[in-house]
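Beneath this line is the structure, given in structure tokens, with notes to follow.
The values are calculated or read from the model by the stated rules, or taken from the named source; none is laboratory data. Predicted model only: the values in this text are computed from it and were never measured. Heads up, the Cβs are rebuilt from the backbone with ideal geometry, glycines too, and the neighbour counts pull from every protein chain shown. In case anyone asks, the SASA skips ligands and DNA or RNA and just uses the protein heavy atoms, side chains included. Shrake-Rupley method; radii C 1.70, N 1.55, O 1.52, S 1.80 Å.
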Amino acid sequence: MTSQYVSPFDERVMAPEPLAPRPAAIEGRTVALLDISKNRGAEFLDRVETRLQAAGAVTMRRAKDIFSKPAALALIDEITGRADLVVEALAD
């Protein structure tokens, strides 16, 4: 039996994707704050939410069930249907 090494690195060269258009201002915009359920994510979003609201944004908080799996399609649909922008808390 022979062994085959599979590299964990994706060595494909991908074409750069353009950034999504950014609004000139966030006043009056709805911003979804997505907590992926990692440690201290809610704490980070609390600080971001305070600043966004001070700048005139309307915020909505949502959370994934678990950080290691993709967000549920219903959650993605809700966010894309209601929010203009999204901030996702990623780190511990």
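How many residues are in contact with a Lys or Arg (Cβ under 7 Å, 6 or more places away or on another chain), farther than 15 Å from residue 67 by Cα and of a type in the set (Gly, Ala, Ser) if we restrict to the stretch 10-45?
The total comes to 1.
Considering only the stretch 1-25, state which residues are open to solvent by less than 100 Å² (accessible area, probe 1.4 Å) and either more than 30 Å from residue 53 (Cα to Cα) or basic (Lys, Arg) (or both).
Within the stretch 1-25, 7, 10, 15 meet the criteria.
Could you go through the stretch 79-91 and let me know if any residue there is of a type outside the set (A, V, I, L, M, F, W, C) and free of Cβ contacts under 8 Å to residues at least 24 places away in the same chain.
Scanning the stretch 79-91 turns up at least one residue that is of a type outside the set (A, V, I, L, M, F, W, C) and free of Cβ contacts under 8 Å to residues at least 24 places away in the same chain.
Which members of the stretch 38-50 meet the condition of being open to solvent by 50 Å² or more (accessible area, probe 1.4 Å) and touching a residue at least 24 places away in the same chain (Cβ under 8 Å)?
Result: 38, 39, 40, 44.
Taking the stretch 51-92 on its own, how many of its residues are at pLDDT 95 or above, farther than 21 Å from residue 20 by Cβ and exposed (fewer than 11 other Cβ atoms within 10 Å of the Cβ)?
2
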